[in-house]
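The values are calculated or read from the model by the stated rules, or taken from the named source; none is laboratory data. The structure presented is a predicted model; accordingly, all values stated were derived computationally and were not measured. Positions of Cβ are generated from backbone atoms using ideal geometry, with glycine treated the same way; all protein chains shown enter the neighbour counts. These area figures cover heavy atoms from the full protein model, side chains too; ligands, DNA and RNA do not enter into them. Shrake-Rupley method; radii C 1.70, N 1.55, O 1.52, S 1.80 Å.
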Amino acid sequence: MQRDLVTIFGVDIDNITADEAGKRTVELVKQSNKSCKIIVAPNTEFIMMAQKDKEFYDILKKASLATPDSIGVIIGGKLQKKPFKERIPGQTYFRKAIEHGTKEGLTFYFLGGKEGIAEKAKENVLKDFPECKIVGCHEGFFEKDSEEEVIKQINELQPNVLFVALGAPLQEKWIAKHQHELKVDVATGQGGTFDYEAGRIPRAPKWIQKIGMEWLWRLCREPKRIVRMRVLPIFLIKILFAKDKKKSTWDKEGSFEKR
Ligand code: UDP
């Protein structure tokens, strides 16, 4: 499958709409044969984190699909004269994957969030997609010792799509660590999506989403996110002045930052 990619500091991101990403998820399931293909949703924090964390960088590199998930990424595309078709917020992708997956009769598993959140998210998703086959749910706070049990439960159900909402980079690292054990077709990190779906955290009003200010809305609601979000201005300065906006710190030549 030919991918139209935009590379920002070594991170490949698909130039794709949310609807296309939902359809691509179904295609990946069809090709997968339980090989646990990984889907990621790079945002500015992902890109900056990947410059320092080689494990995370390598996971993003081996993803089968990477959806553009932040205003910083969109600006990164524009500055390279390869504008993205659109920004795909996590929940928008999630809903499109559910929509297209349900049409094809795919099965889903929700892993993550506080106790009861995945179940509540399931309940709400079923209101909009009554035919959706959500075969299992599990909370995201479990001890290392119960990990085997969680994987066993998932593998007994063998869902086509495993949504993992543990927050980044934990969810991506968890998926990558267990990629060869998990009997699923596709696994993807979902961050706070179950919290939104469950109604625990309200999404920003549509007009705020449209002008790309959802990050500011989230910051106002959860001020402790400031620590994570401080990378946004740093990213913008770096991308504005970097001679080669495609190269990562891990490339031998032309890295944008001396390590
Ligand atoms: N979470 C979890 N297990 C953990 C840590 C976090 O299930 O060990 C959940 C947490 O309850 C929340 C989600 O992971 O639902 C992380 O959401 P956040 O909005 O921080 O993720 P982001 O979208 O920013 O990556």
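Looking across the stretch 159-203, the residues that are within 14 Å of the ligand (Cβ to nearest atom), in contact (Cβ under 8 Å) with a residue 60 or more places away in the chain and under 11 Å from the mean Cα position of the chain (by Cα) come down to PHE163, ALA168, PRO169, GLU172, THR188, GLY189, GLN190, GLY191, GLY192, THR193.
Would the stretch 136-148 turn up any residue that is more than 21 Å from ASN33 (Cβ to Cβ) and away from the ligand (no atom under 14 Å from the Cβ)? Steps first, answer last, please.
Taking the stretch 136-148 and keeping what is more than 21 Å from ASN33 (Cβ to Cβ), we get 137-148.
Now drop any that are not away from the ligand (no atom under 14 Å from the Cβ), which leaves 145, 148.
The answer is yes; a qualifying residue exists.
For GLU148, the test of being over 20 Å from the mean Cα position of the chain (by Cα), open to solvent by 10 Å² or more (accessible area, probe 1.4 Å), over 21 Å from GLU197 (Cβ atoms) and not aromatic (Phe, Trp, Tyr) is passed.
Say whether the condition of being surrounded by fewer than 21 Cβ atoms within 10 Å (Cβ to Cβ), out of contact with any Leu (no Cβ under 7 Å at 6 or more places or on another chain) and of a type in the set (Val, Ile, Thr) is met by at least one residue in the stretch 54-73. Yes, the stretch 54-73 contains at least one residue that is surrounded by fewer than 21 Cβ atoms within 10 Å (Cβ to Cβ), out of contact with any Leu (no Cβ under 7 Å at 6 or more places or on another chain) and of a type in the set (Val, Ile, Thr).
Note on the stretch 191-217: among residues that are open to solvent by 60 Å² or more (accessible area, probe 1.4 Å) and in a helix (DSSP H, G or I), the one that is nearest to LYS54 (Cα to Cα) is TRP215.
Can you pull out every residue in the stretch 174-191 that is of a type outside the set (Val, Ile, Thr) and in contact with a helix residue (DSSP H, G or I) (Cβ under 7 Å, 6 or more places away or on another chain)?
Filtering the stretch 174-191 for residues of a type outside the set (Val, Ile, Thr) gives 174, 176-183, 185, 187, 189-191.
If the condition is that a residue be of a type outside the set (Val, Ile, Thr) and in contact with a helix residue (DSSP H, G or I) (Cβ under 7 Å, 6 or more places away or on another chain), then ALA176, HIS178, GLU181, LEU182, LYS183, ASP185, ALA187, GLY189, GLN190, GLY191 are the ones that fit.
Could you please let me know if LYS152 is touching an Asp or Glu at 6+ places or on another chain (Cβ under 8 Å), more than 10 Å from the ligand (Cβ to nearest atom), farther than 18 Å from ALA121 by Cβ and not hydroxyl-bearing (Ser, Thr, Tyr)? Spelling it out, it is not the case that LYS152 is touching an Asp or Glu at 6+ places or on another chain (Cβ under 8 Å), more than 10 Å from the ligand (Cβ to nearest atom), farther than 18 Å from ALA121 by Cβ and not hydroxyl-bearing (Ser, Thr, Tyr).
Table: residues versus (1) surrounded by fewer than 23 Cβ atoms within 10 Å (Cβ to Cβ); (2) of a type outside the set (A, V, I, L, M).
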| position | (1), (2) |
| --- | --- |
| GLU115 | yes, yes |
| VAL125 | yes, no |
| ASP128 | yes, yes |
| CYS132 | yes, yes |
| HIS138 | yes, yes |
| PHE141 | yes, yes |
| LEU166 | yes, no |
| HIS180 | yes, yes |
| ASP185 | no, yes |
